[in-house]
């Protein structure tokens, strides 16, 4: 058996070092209704389809309590719909400036293709948002073989359906010859639920949550602390391997290929 493909997440994995675009849009829409949320609260549900992400934030006890105190009632489905309606245009506004490829991603994709791998993607973004990042990625030289979003399937992460659709469209099987790479716990859960190998991404992703400039300004103790936290979150989610960025995944891919050659599946 040999590796046949990889399925990559977008924000924090391919583009948007630190996964900052969703945070900015989420904090804006919650502030607009008088219930500000912290960066940590915005990040906690990261990786889910964005409507589910908003619902998850509203289910947080502290946010729910602030909502009730401000608005006089507990949040319900209509509030999720209203916030999601505000989120879509706000996210589309900020996506362009957060669609820069993370350093080393293009070269890593070239190395993956030199292994004979096809490259698919999944995301928490809807189709309109995904099209923005696809267009910007193409301008920077990256064109995945397939890109699937929650609009294309019955349910987004952690359900495995986006991975399955990628596999069908790329005509790859079995699922254990493929690798899911992402920066959130639900990315890892998505890959595991699909029967795939998984690689968690730390430095460039949501759990570290720093832009390149912020990472460069952080001292070594802060970097070490954030990397250790991100690694633990991803390992706890079940990641088979962890790397700092997509550019650092070659060793993990080699090790997965060795496992497959010995008949070991995830």
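Against the main long axis of the alpha-carbon atoms of the chain, helix 77-95 sits at an angle near 60°. Each stretch of four or more DSSP H residues adds -39500 (n - 2.57); spread over every residue of the chain, this sum gives -15500 deg cm²/dmol at 222 nm.
Counting only alpha carbon atoms, the long axis of helix 127-139 and the longest principal axis of the chain meet at about 50°. Seen against the Cα atoms of the chain and their longest principal axis, helix 50-59 is set at about 50 degrees. Comparing 215, 197, 176, which has the greatest mean-square fluctuation in the GNM of the chain with Cα pairs linked when under 10 Å apart? Residue with maximal mean-square fluctuation among 215, 197, 176: 215. Taking 72, 195, 156 as the candidate residues, the one with maximal mean-square fluctuation in a Gaussian network model of the chain, Cα springs under 10 Å, is 72.
Within region 3-89, the ratio Rg/Rh, alpha carbon atoms throughout and Rh by Kirkwood, equals 1.04. Of all the options 202, 73, 121, the one that moves most in a Gaussian network model of the chain with Cα springs shorter than 10 angstrom is 73.
A short reminder: the numbers here are calculations on the coordinates, not readings from a lab. Note that the structure is a prediction, hence the values are computed from the model and not measured.
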